[in-house]
Structure formats: structure tokens, C-alpha cells
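J.: Let me begin by handing over the structure; questions about it come next.
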Amino acid sequence: MTDPPSSRFSGRTAWAQDIAAPLRRFARTESASAGVLVAAIAAALVWANIDTSSYEAVWGTELSIRLDGVGVAYDLRTWVNSGLMTLFFLVVGLEARREFDLGDLRDRRRFVLPLAAGVLGMAVPVGIYLLVNQGGPGAHGWGVAMSTDTALALGLISLLGRGVPDQVRIFLLTVFVVDDLVALVVIAVVYTEHVDVLPLGVAVGLFAALLGLRALGVRRGLVYLPFCVALWGALLASGVEPVVAGLAIGLTATAYSPARGALEYASGLFKLFREQPTAELARSATIGLTRSLSPNDRLQRMYHPWSSYLIVPLFGLANAGIMLDAEFLSRAVTAPVTLGVFFGYVVGKPVAVAGVSWLVQRISGGRIRPSVGWAGVLASGTISGIGFTLSLLIATLAFRGDQLAEAKIGVLAASVVASLLTWVVFRITAALPKPRRTRALLGDAEQLLDLAPPVDPRRDHVRGPADASVTVVEYGDFQCPYCGQAEPAVRELLADLDLRYVWRHLPLTDVHPQAQLAAEAAEAAAAQGAFWEMHDLLLDHQDRLRVDDLVGYAGELGLDQEQFQADLMTNEHAARVAKDVDSADVSGVSGTPTFFINDRRHYGAYDIETLTRAVKVARARARIEPRRDRRSGRD
């Protein structure tokens, strides 16, 4: 039996920590890093106003890389903006691909609304900017008013809307993915002054080579690295903004949950190493473990923290420094560039996001609607007025001198006002009566369901009332220590009289050799009408699951021990257990315990506080959903 972890119980299995829901882990990292970015912006402003010459001297320092007389030389600011930011856009591409492969956008119809909101959420602010500038000298900088800063917006929406459901942040991030993709296309097409065809052709060829390596199943990152660096260099030589390389590479990295078969294979390799700890077997085990994760997941883990906690704050430090003297401010507040950026973000973004969401729902007859309520949509629109990373990147490409400073002032002022508007939206929403507040935040859109097949009381083992508004399904393993640690929380949940609970078997036989027999013992007890009694005993005695122990438990429950033992010896109920295992495979489950709440997979911790909160959200959503045929199997 696998020993329990020595550290204090965290409420998550090791695999549950590693496999987060699409966008949730991304949102948590971006939110946490927002404070670092704000600190970097503040430091840049203070530095630039205390000693402007020092600030410019540092970021204007030339850094060259040369080999035998051939190389590149740029100042530090350019290396940050065009070099390190490539990794930022790699992460953007990875998250876009992950959402298409695993998130709500795997239903391609659901891409219509975020696509429209993302595109028009950029077009409307650009239109406002052009209207304010009316063909003036700053008109060519319209791209500055387009893009929302993901890290800042997610961090501030978490701060301003405490208790806001995850769905609001996820809706916001889905729109941002489109926003960032379109902004990169604009940078590549509009803000590239001259394109050299030959290096661009080389870049296309290198990208094709990367796709070829992926098609051949090459997984070692070191093989890809020279091609990626060469691709970046070719784009740089061509005149196209090289950060596009990061986006393109990220979009090619497929995302998928680890298959149970791959995990079992990796476990087998580790067992071989445990029996014979040689360097060769250690290498095989490491490769097997790594290959069980998708390329997307491996790259996210490698680069996302560096991007959020170092690269983006460094970008802020390099670009946010503005000299804020009275004369400049008095001129900037009336400058067309400043006003165009400010009103584009503060007015254009919320009008576009909310208006497009309403229009798409109207045109589709309600078939396509926001995944959150209208308060969530409006808050997403107002917080979208925070532009920084891409805005400043485009500003440095479009402007010089005072116009660049004016664009930066517009971006920073819009961010402050957008934050205040978002706070107002959440304050008004919080003042609504609870039912209206719930609908305003969650909406009534039909949710994608993850559980397959749905719960069937004629086949599944069910505890609780048949007409409960919330159904919790657990895939579990009687020998898994994490399932044993989750059981007290589950039993506390069962005190809820409007909740039913379902257990499905997923014995992880590669790490828990007695789990399969224990699952069959539970089914043998079920044949005599005592499934739940046996279920509780097995989880209470996870260290005693041998045949003699199981037969002894049957005796404690007053079952026919002879029949019980015969069922175990002939594997009478193995097929029933196998059906649960098959349903786990179809539902994308590879570890235990895994919970589904109203057919939606629960990716959070499984302590009582987290589960209770998830149940409350599911119940609130169940009450506001329109009447429709549910897949719950209720009579």
C-alpha cells in the first residue's frame, strides 16, 4: 500500500495538484503575479521621476551577442520587449491551445461569443481612438487602445470582487485569449515597417520543421530549442516583430489529460527502477513520467511562472517610467493621443464586451449566451479597460518622445478608472437580493457536462434523496490514502439533505494491488444489499484489505460469508467494476479521488470548506437554470 504523505494533508492528491482545470491554474498565477507587476510599474514611475537620466541610461545600455563577427546588438529595453516577451506570448499561445483542447471552447460553438467580444472589444476602442484623433499625427498609434492586460485585470478583479465565482474570471480570460491573439496579428501586420522576404521565408520553413518534428513524435525539448531560437532570429531579421514566434509555437503544443494507460506504464517503469536502481532505468522512468504529460502542460509549467513573475514585471519596469511634471501633465490631459487611449479603454471596452454579448445572444435566439450573468459580463467589460503589456509594447513601436509619454499616461489613467468602475459594478451587484445576485453573477447558460455516462440510480450506488438538487460523484479507490483522507469531508457533506452522493470504482492496481479485490468485495456486499456498509468499513480499514479481512468484514455485517467468498474467488463482480473504470476513462479520470458535482468535474481541493462552496455554487446554478432535460438520470 502506498504510504500517506508525510506532510500535513493538503486536501489534494498529487495528481490533482498537477492537472488543473483549463484556465483555472492560469488565472490563479496571473492573479497572484498582478501585485508584482503593480510594484514594478510603481518602481518605474518613481525611478523615472527621481532620476530620469539614470532610468534611460540603464534601459538604453547596449547588449550584443556576437560569434566570429556575426551577431545582434540592441539596448536592454529592446531585448526585454522583443526577446523576453516572446516567452510571454508563448504562454498566451499555450493557454489558447489548451482552452481549445480541454476547456469550454472544445465545443466550437462556444468560441463565437468570446471571438466576437474579443474582436469588437478591440475594434470599438480603436474606432473611438481614431474619432478623437481624426487623422492627426497620433492616428497611426490606434493599436495602443486595443489590448487588455491579462495579469493586471485578473489580479484586480480578484481583489475588487472578493467572492466572485471562478466562472467570471474564466469568462474574462477566454475573451482575453482572443484579445491577445488579435493584438499579435496587428503588431505583425501593421507595426512592421519593412519586411525582408528571404528571412521571412526561412522563418516559415523553420516553423514547418517544428511541425514536422511534432508529427514524428519527437518530445525532447532540446531538439526543438535550436529551431525555436532560429525562428525567432529569422523573424527579427525579416522585420516582423519576433514575439510572434512565441505565439506560433504555443499554438502548436497540444493539450490533453494524462491517460490512465500512460500513467500505468510510467508506474511500471518506476517499479523497475525501484527493484534495480540503475542510471539507465532512472532515465527510462523519468522519460516515462514526462511523456505522460501533454507538451502543453510541460511548457506551461516551465514558462508560465517565469513569464508572470519575472518577464512581465521586468517589461513594466522597462517601459512604465514617465516624467510626470506639471507642464507635461497639463498638456497630456488634453492631448488627442491621451484622450483617445483613455476613452477607448474606459468607454469602448465595456460597451463592446457587454453589447456584443447581448447581440450574439439575441441573434442566436439564446442558443449562444455568456457563460456568466450580466453583472459578470459588465464587470468583464469594465476591467477590460486595463491595458498595459501589449499597449505599451505597441506604443513603443508607434511613438517616440512626447507622444509615447502621452500614450503611457492614457493607458495608466484608463487602468485606474477601469478599476473604479469594476468596483462600482461589484458593489451594486452585492447589494442585490441573493437570488438576483446569484443570477447576475452566474447567469443561466447551459454548462458543458463532463461526466459520462450520467448517474443512473438503477446501476450506480447512490446515497441521499433521488430528487436532490446537487449530485456529487466520486471516483475512488479503497486502498488510496487520499480517498481515505477525503472520506470525512464526504460524510460531512452527506448531512446536507438536498444532496445525493455516488461512488464509482477506479482501482489503481498499478500502485494499489489490493484495490481491485476490495472493489469486487464492495460489489459482492451490494449483491446482498450492503454496499454502503461495506464501503464504509473498507475506507475505515485501508491497511487491511486481504481476502481474510474482507471475508471478516462480511461476517461483521451479517452477510452470507460463504457466498461472499465464492464471489471473490470467481471474480463474479469484476465486470461491474470494469464498467466504472470504463466510465472513468470516458470522463477523462486518471487518478483518485476525482469528484464531479452536477456532472461538472471539480478541480479544486476536497476539504469540506472547498467542497461545500462548490456545492453551494452548483445548487445556485441548478435553481436558476431554465427547465431542460437533464442528464442526471432522475425519475
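J.: Against the condition at pLDDT 90 or above, buried (at least 23 other Cβ atoms within 10 Å of the Cβ) and assigned to a loop (DSSP other than H, G, I, E, B), how does P507 come out, does it pass? Spell out the reasoning first.
T.: On the way: at pLDDT 90 or above: yes; buried (at least 23 other Cβ atoms within 10 Å of the Cβ): yes; assigned to a loop (DSSP other than H, G, I, E, B): yes.
Yes, satisfied.
J.: Does any residue in region 301-330 that is within 25 Å of F89 (Cβ to Cβ) come within less than 9 Å, Cβ to Cβ, of a residue that is open to solvent by 10 Å² or more (accessible area, probe 1.4 Å) and outside any helix (DSSP H, G or I) six or more places away or on a different chain, and which pairs are these?
T.: Partner pairs satisfying both residue conditions: R301/L293.
J.: Another one. Given (1) among the small types (G, A, S); (2) farther than 30 Å from D450 by Cα; (3) crowded, with 18+ Cβ neighbours inside 10 Å, where does G555 come up short, assuming only one miss?
T.: (3)
J.: Which of the residues that make up region 576-600 are open to solvent by less than 10 Å² (accessible area, probe 1.4 Å), in a helix (DSSP H, G or I) and either in contact with a Pro (Cβ under 8 Å, 6 or more places away or on another chain) or among the polar types (S, T, N, Q) (or both)?
T.: The answer is V577, S583.
J.: How many residues does region 313-351 contain that are of a type in the set (A, V, I, L, M, F, W, C), outside any loop (DSSP other than H, G, I, E, B) and over 18 Å from H140 (Cα atoms)?
T.: Going through region 313-351 one residue at a time, the tally reaches 10.
J.: Please verify whether region 379-402 includes one or more residues that are outside any helix (DSSP H, G or I), free of Cβ contacts under 8 Å to residues at least 12 places away in the same chain and within 13 Å of G141 (Cβ to Cβ). Outline the logic, then answer.
T.: Going through region 379-402, the residues outside any helix (DSSP H, G or I) turn out to be 384-388, 399-400.
With the extra rule that they be free of Cβ contacts under 8 Å to residues at least 12 places away in the same chain, the set shrinks to 400.
So of that shortlist, the ones also within 13 Å of G141 (Cβ to Cβ) come out as 400.
Taking every residue of region 379-402 in turn, at least one turns out to be outside any helix (DSSP H, G or I), free of Cβ contacts under 8 Å to residues at least 12 places away in the same chain and within 13 Å of G141 (Cβ to Cβ).
J.: Note down all Cβ pairs under 7 Å where the first residue falls in region 124-148 and is open to solvent by 10 Å² or more (accessible area, probe 1.4 Å), the second is of a type in the set (F, W, Y) and assigned to a helix (DSSP H, G or I), and they're at least six residues apart or on different chains.
T.: V126/W142; I128/F343; L130/W142; V132/F343; W142/Y129
J.: So, of the residues in region 92-118 that are of a type in the set (A, V, I, L, M) and open to solvent by less than 60 Å² (accessible area, probe 1.4 Å), which turns out to be modelled with the lowest pLDDT?
T.: My answer is L105.
J.: In region 359-378, what count of residues is obtained for those that are open to solvent by 10 Å² or more (accessible area, probe 1.4 Å), among the small types (G, A, S) and part of a loop (DSSP other than H, G, I, E, B)?
T.: Residues in region 359-378 being open to solvent by 10 Å² or more (accessible area, probe 1.4 Å), among the small types (G, A, S) and part of a loop (DSSP other than H, G, I, E, B): 4 in total.
J.: Is there any pair linking a residue in region 405-426 that is on the phi > 0 side of the Ramachandran plot to one that is basic (K, R) and modelled with pLDDT of 90 or more, with Cβ under 6 Å and at least six apart or on different chains, and which?
T.: Matching pairs, first to second residue: none at all.
J.: Can you pull out every residue in region 324-354 that is of a type in the set (S, T, N, Q) and open to solvent by less than 40 Å² (accessible area, probe 1.4 Å)?
T.: Scanning region 324-354 gives a single hit, T338.
J.: Which residue is farthest from Q528 (Cα to Cα), if the candidates are limited to region 564-575 and must be without any contact (Cβ under 8 Å) to a residue 12 or more places away in the chain and open to solvent by less than 70 Å² (accessible area, probe 1.4 Å)?
T.: Once the filter is applied, the top-ranked residue is A575.
J.: State the number of residues belonging to region 473-515 that are of a type in the set (V, I, T) and touching a His at 6+ places or on another chain (Cβ under 8 Å).
T.: Count: 1.
J.: Related question: Limited to region 74-91, what total is found for residues that are under 13 Å from L184 (Cβ atoms), among the aliphatic types (A, V, I, L, M) and open to solvent by 10 Å² or more (accessible area, probe 1.4 Å)? Break it down into steps so the answer makes sense when it comes.
T.: Let us first name the residues in region 74-91 that are under 13 Å from L184 (Cβ atoms), namely 82, 85-86, 88-91.
Okay, now just the ones that are also among the aliphatic types (A, V, I, L, M), so 85, 90-91.
Then keep just the ones that are open to solvent by 10 Å² or more (accessible area, probe 1.4 Å); that gives 90.
Qualifying residue count, region 74-91: 1.
J.: Among the residues of region 57-73 satisfying the criterion of being touching a residue at least 12 places away in the same chain (Cβ under 8 Å) and assigned to a helix (DSSP H, G or I), which is most open to solvent (accessible area, probe 1.4 Å)?
T.: The selected residue is V58.
The values are calculated or read from the model by the stated rules, or taken from the named source; none is laboratory data. Since this is a predicted model, take the numbers as computed values, not measurements. Heads up, the Cβs are rebuilt from the backbone with ideal geometry, glycines too, and the neighbour counts pull from every protein chain shown. SASA here: full protein model, heavy atoms, side chains in, ligands and nucleic acids out. Shrake-Rupley method; radii C 1.70, N 1.55, O 1.52, S 1.80 Å.
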